[in-house]
Structure formats: structure tokens, C-alpha cells
Amino acid sequence: MKKHNFSAGPCILPQSVLQKASEAVTNFNGLDLSLVEISHRSKDFVDVMENARELVLEHLNLQNQGYKALFLHGGASLEFLMVAYNLLEKKAAYLNTGTWADKSIKEAKLFGEIDIVGSSKDANFNYIPKNYTIPSDVDYFHCTSNNTIFGTQMQEFPETNVPLVCDMSSDIFSRVLDFSKFDLIYAGAQKNMGPSGTTLVIVKEDILGKVSRTIPSMLDYQTHISKDSMFNTPAVFPIYVSMLTLEWLKENGGISEIEKINNAKAKLLYTEIDRNPLFNGFVANAEDRSKMNATFSLANDSLKDTFDASWKAAGINGLNGHRSVGGYRASMYNALPLESVQVLVDVMQDLEKKS
Ligand SMILES: *Cc1c(COP(=O)(O)O)cnc(C)c1O
């Protein structure tokens with residue numbers, strides 16, 4: 001039986017998607033060829049790319065509004081610098097909410113002045129800073145919607161006249177937002193969409209072409225827009241699997257339906273963390289808790305061996321917290337069923353009964 005996979009990333013994917021993907025590896029579209037051994041310029045693969053890019057804009061409600069969806073290489077980590085390369089002329093504003101935000105700031109500093117308008121570094125990133133102001137003279141504002149490692153999530157996004165850039169690696173397609181508020185969204189595929197190896201970028205075309213520096217072709221969003229994400233050989237397998245996941249999401253009612261399940265999963269687990277005296281949540285304020293990654297620890301570390309043995313015996317995978325936080329992290333991405341969260345909650349309740 002399949003494990004209850006709470007892995008933070010690469011993440012759980014729908015079983016039906018994995019099944020279809022494995023068939024395509026041996027015989028794609030009945031071509032008697034593998035998906036990974038045909039030309040990326042063949043009609044069969046060009047259709048995959050077009051379908052994937054369409055589905056992205058459709059799910060986010062961004063069709064016909066000047067946005068382009070791109071599948072690039074290099075992970076979200078390359079976007080940390082590509083964003084600055086393409087958009088930062090003089091000064092940009094950043095919100096520092098965790099390790100990934102911190103890394104994006106480090107890269108952006110290579111290109112201009114960075115104004116850190118809010119930070120929760122003082123408390124090991126256990127909350128989301130609020131009431132910060134974004135100067136009107138910056139080239140853009142950058143934030144991280146969901147902090148995968150610390151388990152915090154932004155519920156509100158600022159109203160601002162400057163371009164809004166967001167790293168949505170770990171919560172894209174998980175909840176309904178007004179995505180048209182954002183000018184550039186990026187996400188490594190492997191948190192909530194597909195295997196690692198491709199990065200999704202959604203960019204409003206009219207924010208580009210404004211910096212004075214020369215941008216190398218591979219790092220220039222306009223190159224990839226003009227070549228429909230086919231400037232060089234795309235990551236065919238991760239893009240294909242991402243397309244299958246996006247189709248699966250559509251068959252299951254889209255973001256609004258998956259959000260209901262995500263809310264139910266988060267409620268089930270956080271209710272238990274709050275109720276059970278053996279566990280403590282990591283995040284300081286309940287309103288900042290992530291619905292994707294729940295971070296928690298044992299109140300008494302002497303129960304660690306018993307708890308670890310119990311969840312492993314229950315078929316749970318990937319519950320250990322990130323080394324910078326410790327404790328546990330339950331990642332509840334779109335493909336994780338509610339039943340898996342129930343299994344975890346049962347293990348937590350059993351521990352209470354036994355101790
Ligand atoms: C995992 C993660 C990244 C890094 O992604 P890579 O694709 O490994 O470069 C960046 N931002 C967030 C929010 C993440 O969760």
C-alpha cells in the first residue's frame with residue numbers, strides 16, 4: 001500500500017498521474033516511443049507544452065490579461081536572481097519571512113539596493129510581519145506566499161502600485177487568490193505540481209524590458225516568452241507530469257474545490273496540535289499558520305522514539321522537521337488525501353493514551 005506521504009518536497013503526486021506518467025515513459029500517446037526519447041519539437045510534445053501553459057493560466061484565472069506562463073530550468077532558486085536581473089534597476093523592496101526569502105534577498109543584492117520592509121528573522125521566522133510599508137519608488141516588491149520550512153503562510157497581500165512579485169513554490173494551486181494582483185509569480189514544480197526539474201513562471205509581459213542592463217539570453221524572460229518556453233530543450237518529463245497534475249486538478253473541480261479539502265486537512269491537524277497536550281505548534285499566531293506545511297514539536301522529547309516508531313509503523317513518510325526548526329513538519333500538498341491526515345491524528349491521539 002502507498003505510504004501516507006507528508007514529504008515537504010519533492011512532494012506527493014496523485015497516483016493516477018504517476019500511473020499515466022509511467023505509461024508515457026515506455027509508450028507515449030501510442031507512438032511506440034517514450035516521451036523522453038522524442039523531439040521536444042514534435043507535435044506530440046509541443047501539444048503538451050501548450051496544454052500545460054494554458055492550464056496554468058486557466059486555473060489561476062489569468063487568461064487574456066497579458067500574462068505568459070513559462071516552464072524554465074534552474075528551480076525557484078534561479079528565479080531569485082532572474083527576477084532581479086530582469087526587474088531591478090535601482091531599488092527593490094523585500095519581505096523576509098524565511099530561509100527562501102533570505103536567499104532571494106541575497107541574490108537580489110547583487111543587482112541593486114534592497115529595502116527589507118519587514119522581517120521575522122528575530123523570532124526564527126515563526127510569524128508573518130504585518131503593517132509594513134512599501135516605498136513607492138522601488139522597482140518591485142517581493143514576498144514568499146508560503147514558508148515551507150517554518151510553516152507560515154501569508155493570508156493578505158499588500159495593495160501597492162509597484163509590481164508585485166511572489167515566490168509561490170509551496171502553495172501555488174492550493175487556494176483561491178486574486179492572482180491578477182501579482183505581476184510575476186514563480187514556483188519550483190516539485191512542491192505542489194510535479195517532479196523537480198522545471199520551474200513555473202507566470203509573468204505579466206508589460207513589466208519587462210525596463211532595466212538598462214544587458215541580460216544574457218537564457219536569463220531573459222523575454223527570450224523564453226518569444227520562444228514559447230522552447231528556447232532550449234525543455235524538461236520534457238517534469239513538464240508532462242505537471243500537465244497531468246493540472247489536468248487532475250481540473251477534473252477535481254479546480255483550485256476552489258481542492259482548497260476546501262486543504263482547509264479540512266489543515267483544520268483536522270491543527271485542532272489536534274492545539275488539543276493534544278503532548279504537542280506544541282511552532283508558529284506564534286494561529287492566523288499565520290500554513291495550510292500546506294504544519295510545523296510542530298513534542299512537548300516532552302523523551303517521547304520522540306515512541307512517536308517516531310508509531311508514525312513509521314502507521315505507514316507515514318516524511319514527517320521530520322527541517323533542521324533549522326527541528327521537531328516535525330507535516331506537508332499537506334494538494335495530492336495528500338484527508339485520510340492520511342486522519343492517520344497522523346490517530347497516531348498523535350494514541351501517543352496521548354499510551355503515555
Ligand atoms: C523549495 C523552495 C524553493 C527552492 O526551490 P528549488 O526549486 O529547489 O530551487 C524556493 N522557495 C520556496 C518557497 C520553496 O519552498
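So here's what we get for this one:
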{"item": "In order through segment 28-42: 3J(HN,Hα) via Karplus (6.51 cos²θ - 1.76 cosθ + 1.60), integer Hz, x for Gly, Pro", "result": "8, 6, x, 7, 6, 9, 7, 3, 8, 10, 10, 5, 5, 9, 5"}
{"item": "Loop-located chymotrypsin sites (Phe, Trp or Tyr not before Pro) in segment 55-157 whose Cβ has at most 15 other Cβ within 10 Å (DSSP)", "result": "132"}
{"item": "Once exposed loop trypsin sites (Lys or Arg not before Pro) are cut out (DSSP; at most 15 other Cβ, 10 Å), longest piece of the chain", "result": "228-322"}
{"item": "Residue of 73, 322, 142 that the Gaussian network model of the chain assigns the largest fluctuation, springs spanning Cα pairs under 10 Å", "result": "322"}
{"item": "Average accessible surface area per residue within segment 254-354, 1.4 Å rolling probe, Å²", "result": "44"}
{"item": "Sequence-distant lysines (8 or more away, or on other chains) whose Cα lies within less than 17 Å of residue 90", "result": "106, 109, 210"}
{"item": "Stretch gain in nm, segment residue 320-residue 47, where the contour uses 0.36 nm per residue and the Cα spacing is subtracted", "result": "94.3 nm"}
{"item": "Listed residues 153, 222, 19, most fluctuating in the chain (Gaussian network, C-alpha, under 10 Å)", "result": "19"}
{"item": "log10 of Debye I(q)/I(0), alpha-carbon scatterers only, for the chain at 0.10 Å⁻¹", "result": "-0.63"}
{"item": "In order through segment 150-157: 3J(HN,Hα) via Karplus (6.51 cos²θ - 1.76 cosθ + 1.60), integer Hz, x for Gly, Pro", "result": "9, x, 10, 9, 6, 9, 10, 10"}
{"item": "Accessible area of the chain belonging to carbon and sulfur atoms, whole % at 1.4 Å probe", "result": "49"}
{"item": "Where segment 90-228 is the region considered: accessible area per residue in Å², 1.4 Å probe", "result": "39"}
{"item": "Relative contact order of the chain, pairs being alpha-carbon contacts under 8 Å that are 6 or more residues apart, as %", "result": "23"}
{"item": "Computed lengthening from residue 263 to residue 228, 0.36 nm per intervening residue step minus Cα-Cα distance", "result": "9.1 nm"}
{"item": "Restraint check, 250/312; 68/181; 312/354; 2/191; 103/304, Cα-Cα greater than 22 Å", "result": "250/312; 103/304"}
{"item": "GluC sites (Glu not before Pro) lying in DSSP loop within segment 1-60, provided at most 13 other Cβ fall within 10 Å", "result": "none"}
{"item": "Loop-located GluC sites (Glu not before Pro) in segment 71-151, at most 10 other Cβ atoms within 10 Å (DSSP)", "result": "none"}
{"item": "Expected 222 nm ellipticity per residue - DSSP helices of 4 or more, -39500 (n - 2.57), all of the chain, to 500", "result": "-11000 deg cm²/dmol"}
{"item": "Gained length - residue 280 relative to residue 110, 0.36 nm times residue gap less alpha-carbon distance", "result": "57.3 nm"}
{"item": "Simple spin-label estimate for residue 343 and residue 19 in nanometres, 7 Å along Cα-Cβ", "result": "1.8"}
{"item": "Within a Gaussian network of the chain (alpha carbon springs, distance under 10 Å), most fluctuating of 75, 98, 326", "result": "326"}
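The values are calculated or read from the model by the stated rules, or taken from the named source; none is laboratory data. Nothing here was measured: the structure is a model prediction, and the numbers come from that model. Glycine also receives a Cβ, built like all others from the backbone with ideal geometry; neighbour counts cover every protein chain displayed. All accessible areas refer to the heavy atoms of the entire protein, side chains included, with ligands and DNA or RNA removed. Shrake-Rupley method; radii C 1.70, N 1.55, O 1.52, S 1.80 Å.
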